[in-house]
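Beneath this line is the structure, given in structure tokens, with notes to follow.
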Amino acid sequence: MTEIAILGYGTVGSGVAEVIGTNAELIAARGCALHVKYILDLRDFPGDPYGERVVHDFTCILDDPEIKVICETMGGVGAAYQFSKQALEKGISVCTSNKELVELHGAELSRIAKENHCSYLFEASVGGGIPLIRTICQGLTAEKIEKIYGILNGTTNYILTKMDREGADFDAVLKEAQANGYAEKDPTADIEAHDPCRKIAILASLVTGKKVDWKNIRCEGITKLEKADFAYAWALDAQIKLVAMSEFTEKGCYACVSPRLLPADSPLLCAQDVFNAVLIHSNMLDDSLYYGRGAGKLATASAVVGDAIEAAANPGRTMGGSWSEEAALLGDIDEYEQGYFVRLSGAADARREEVQKVFGNGYTVEAKGVPGEFGYVVQKMREGAFLEKIAAMEGVLGYLRYDAPAEK
């Protein structure tokens, strides 16, 4: 029996206790029984099955020699960082769902874990219940990973799915997502794409072995999308998704998070509503797809408990992935080539020659119910060149990166 503690008894923390309680016999049968001895929280929980295990002072956990694993589900980078660091320095393994903390201090905390013969594990920080970290660090160890490409935020995917299926307005769907508990009261981290940006930074750090700072990644959210964008998506037999991308080359890691048009045959379109999907391209295996619930109480808690089992089953060893505190080499995203879709005011016939002169050979698209404008599919070009062209051109109403071949 391994004694553990849970830091934070909110959505994920209570989920960790529930997963351990519900699957206790199954976990024990697999050779690693877990027992929740303490739960740290500022609040009391009278009547809760675990209420008597709640403590308010972290030192009673830290000073208890029976505690071998801590599940940090507090969130934030203040107390969560200090408590995690103190635990690892004492040789207590830490498992977390805290993507903000992992992205900011993951390299340091992993180093401390290694120095003290314990583990810092963070499977739940990126894909919720989808085992992406283990896949990269264990399942694909024989592979050279060349690209990671995926839908890594359930809130925005829910919003985009509703806008696509129902033709709904962004603001209305956001309010619905908040009412259903899919979006936070302050949804900025999701709708401005900071959340998936941190996640792709963590994955890119694991692949490169060096720190990729999310603030150095070009990041565009979904707040500027309009009904007209979805009308063009329908005309192109495509869907709009918020995609986090990282491609690894000799020139460095190219990373970007933005709304994209995905063609109907894209494997990522299996992910609708709150589901996530990630495509990993490697040199021997080629494409492999990982799909599931990227967030939610039990999905995230399941990943945290999986990490706790791994840590408990390997006392005195350092498990999981890590990266150095050295900054990774990032490629200049303005030099990255890809396809685009542009919305332009006016009539297609009247502006076709002008548009082709600016963007090169492509083709125009018209959408039902969207008068006074047209769309243009652009052949692949450098990101920087494309952004310069649309900044200088009159009548640009919006644009999307587009994964389909530009040839009609």
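Only the coordinates and a few stated rules stand behind these numbers; no lab work does. Note that the structure is a prediction, hence the values are computed from the model and not measured. Cβ placement follows ideal geometry from the backbone for every residue including glycine, while neighbour counts extend to all protein chains displayed.
For this structure, a couple of remarks:
- In the chain, the DSSP-assigned H stretches of four residues or longer account for a calculated mean residue ellipticity at 222 nm of -10500 deg cm²/dmol, using -39500 (n - 2.57) per stretch and the full residue count as denominator.
- Estimated distance in nm for a label pair at E115 and N23, the labels positioned 7 Å out from Cα along Cα-to-Cβ: 3.4 nm
- Shown for R343, R111, R260: other C-beta atoms within 10 Å of each C-beta, ranked fewest to most, produce the order R111, R343, R260.
- When you restrict to C-alpha pairs under 8 Å that are six or more residues apart and normalise by the size of segment 333-402, the relative contact order lands at 51 percent.
- Share, in percent, of DSSP beta bridges within the chain that are antiparallel, nearest 5: 65 percent
- Gyration tensor verdict on segment 231-298 (Cα atoms; rounded if a/c is under 1.5, prolate if a/b is larger than b/c, oblate otherwise): oblate
- Cα pair count fraction exceeding 32 Å, expressed as % - the chain: 40 percent
- Sorted ascending by nearby beta carbons within 10 Å, beginning with the fewest, I27, I133, I159 become I27, I133, I159.
- Amide N of segment 68-94 lying under 15 Å from the label point, which is placed 7 angstrom from the Cα of F45 along Cα→Cβ: 71-75
- Assigned charges on the beta-carbon of Lys, Arg, Asp, Glu; the chain dipole about Cα centre (debye): 360 debye
- Rel. contact order, % - alpha carbon contacts under 8 angstrom, at least six apart, the chain: 18 percent
- The equivalent ellipsoid that matches the C-alpha gyration tensor of segment 35-191 spans semi-axes of 33, 24, 13 angstrom, in descending order.
- Computed from phi, the 3J(HN,Hα) profile of segment 180-195 under the Karplus parametrisation 6.51, -1.76, 1.60 (θ = phi - 60°) reads 8, x, 7, 10, 6, 4, 9, x, 3, 4, 7, 6, 8, 6, 5, 4 Hz, with x in place of Gly and Pro.
- Here the scattering of segment 242-281 is modelled by Debye summation over its C-alpha atoms, one equal scatterer each and no solvent; at q = 0.14, 0.26, 0.32 Å⁻¹ the log10 of I(q)/I(0) is -0.38, -1.03, -1.23.
- Cβ charges +1 (Lys, Arg) and -1 (Asp, Glu), total dipole of segment 333-402, debye: 180 debye
- A simple spin-label model places pseudo-atoms 7 Å from Cα toward Cβ; at R30 and D169 they are separated by 4.7 nm.
- For segment 196-236, diffusion coefficient by Stokes-Einstein and Kirkwood Rh (Cα), 25 °C, 0.890 mPa s, µm²/s: 199 µm²/s
- Rounded to whole Å, sorted largest first: equivalent-ellipsoid semi-axes of segment 134-293, Cα gyration tensor: 28, 17, 14
- For segment 146-233, the pair-distance distribution built from all alpha carbon pairs, in bins 10 Å wide starting at 0, is 16, 43, 28, 12, 1 percent.
- Neighbour-count order for W323, W234, W214, fewest beta carbons within 10 angstrom listed first: W234, W323, W214
- Potential lengthening between S345 and E146 on full extension [0.36 nm per residue; Cα-Cα distance subtracted]: 67.8 nm
- Longest to shortest principal axis, alpha-carbon extents of segment 333-402, angstrom: 34, 20, 19
- Under 5 Å, built H, 5+ apart or other chain: amide partners of N98: none
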